[in-house]
1. May I ask you to evaluate 6.51 cos²θ - 1.76 cosθ + 1.60, the Karplus curve with θ = phi - 60°, for each residue of the stretch 59-66 and list the ³J(HN,Hα) values in order in whole Hz, giving x for glycine and proline?
2. Could you pull out the chymotrypsin sites (Phe, Trp or Tyr not before Pro) across the stretch 14-76 that fall in loop regions by DSSP (anything but H, G, I, E, B) with no more than 12 other Cβ atoms inside 10 Å?
3. Cα-Cα pairs above 18 Å in the stretch 17-72: how many percent?
4. Output the peptides 5-14, 57-66 sorted from most to least packed, where packing is the average of other Cβ atoms within 10 Å over each peptide's residues.
Amino acid sequence: MAAMLIQLTDAEGRETWINPIHVKIVRTRGKVLGMGGKGTEVWTSFTSNSEAIYFTEEPSEIAAALNAGMPPVVVLDSSGDEPPPHNPQTGS
């Protein structure tokens with residue numbers, strides 16, 4: 001069974017545990033605070049008070065770690081199924 005929380009170390013060296021189900025965006029870090037667009041920012045929401053979590057690794061590395069922690073998904077193929085028969089109600 002895959003773990004639901006992924007352990008990463010953020011750009012400040014802090015141990016950070018992320019639930020990958022809640023991640024909305026993984027992208028290259030913006031050119032602020034002297035980072036020059038290096039590293040990754042992870043967002044779990046985009047509201048007026050949202051904050052990103054910053055990492056020094058590339059976005060592909062962070063995304064791969066988050067993908068590895070996702071729970072398995074079972075997709076049932078119903079494309080070949082016949083629709084259920086219609087059983088009209090009869091009055092008694």
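1. x, 5, 5, 5, 4, 5, 5, 5
2. Numbers: sites: Trp17, Trp43, Phe46, Tyr54, Phe55; in loops: Phe46.
Here the chymotrypsin sites (Phe, Trp or Tyr not before Pro) that fit, given the DSSP loop and packing criteria, are Phe46.
3. Values: 483 of 1540 pairs.
Pairs farther apart than 18 Å: 31 percent.
4. Details: 5-14: 13.3, 57-66: 15.9.
With the highest mean Cβ count within 10 Å placed first, the list reads 57-66, 5-14.
Laboratory data are not the source of any read-out in this text; all were calculated from the coordinates shown. Keep in mind the model is a prediction, meaning the values are calculated, not measured. Counting neighbours? That spans all protein chains shown, and the Cβs are built from the backbone with ideal geometry, glycine included.
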